[in-house]
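The values are calculated or read from the model by the stated rules, or taken from the named source; none is laboratory data. These numbers were taken from a predicted model, which means no experiment stands behind them. Note that we place each Cβ from the backbone using ideal geometry, even for glycine, and neighbour counts take in every protein chain shown. The area values use the complete protein model at the heavy-atom level, side chains included, leaving out ligands, DNA and RNA. Shrake-Rupley method; radii C 1.70, N 1.55, O 1.52, S 1.80 Å.
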Amino acid sequence: MHQADDITLMRVLAALSDPTRAGLVRILADGVERSWGDLRAPVAKSTLSYHLKLLREAGVTTTRREGTRCFVRLRTAELESRLPGLLPVVLAAAEAEGVGADVQLVHN
């Protein structure tokens, strides 16, 4: 798992530069841990998995396995500690511009 010290501005910005990844972060911004199966994006499942991997590798999210299920959550506190104020600004801009709006949360 990444430590807050491993989070860099360039890696986070690169991870958030993709509309699908920005949409995933918008969904996770409520602080609730989500099952990967609850996330829907207009991409193949393998591509969604790749996007989640890039977010995790950049230190934006963390993943937890429980049996065969994977859960993801936004690392809000760590991001705020390392890059104060960045996440709210990026999320507000993404929302205002409709970036990632096609990424949805599926309620089972």
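Below are the figures for this structure:
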{"quantity": "Cross-chain or 6+ apart pairs with Cβ under 7 Å, the range 9-32 first and farther than 15 Å from Leu79 by Cβ and among the hydrophobic types (A, V, I, L, M, F, W, C), then assigned to a helix (DSSP H, G or I) and open to solvent by 30 Å² or more (accessible area, probe 1.4 Å)", "calculated": "none"}
{"quantity": "Residues within the range 29-76 that are closer than 20 Å to Asp6 by Cβ and modelled with pLDDT under 95, tallied", "calculated": "0"}
{"quantity": "Hits in the range 86-103 - residues which are charged (D, E, K, R) and in contact (Cβ under 8 Å) with a residue 60 or more places away in the chain", "calculated": "Glu95, Asp102"}
{"quantity": "Arg65 without any contact (Cβ under 8 Å) to a residue 60 or more places away in the chain, farther than 13 Å from Leu16 by Cα and open to solvent by 20 Å² or more (accessible area, probe 1.4 Å)", "calculated": "yes"}
{"quantity": "Criterion: out of contact with any Gly (no Cβ under 6 Å at 6 or more places or on another chain), part of a helix (DSSP H, G or I), among the small types (Gly, Ala, Ser) and within 19 Å of Leu105 (Cβ to Cβ) - qualifying residue of Gly37, Gly31", "calculated": "Gly37"}
{"quantity": "The range 42-62 - residue that is part of a helix (DSSP H, G or I) and of a type in the set (A, V, I, L, M, F, W, C) and, of those, surrounded by the most Cβ atoms within 10 Å (Cβ to Cβ)", "calculated": "Leu55"}
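Residue-wise test of (1) surrounded by 14 or more Cβ atoms within 10 Å (Cβ to Cβ); (2) under 16 Å from Val103 (Cα atoms).
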{"residue": "Met10", "(1), (2)": "no, no"}
{"residue": "Ala14", "(1), (2)": "no, no"}
{"residue": "Ala22", "(1), (2)": "yes, yes"}
{"residue": "Ala29", "(1), (2)": "yes, yes"}
{"residue": "Gly37", "(1), (2)": "no, yes"}
{"residue": "Cys70", "(1), (2)": "yes, no"}
{"residue": "Arg82", "(1), (2)": "yes, no"}
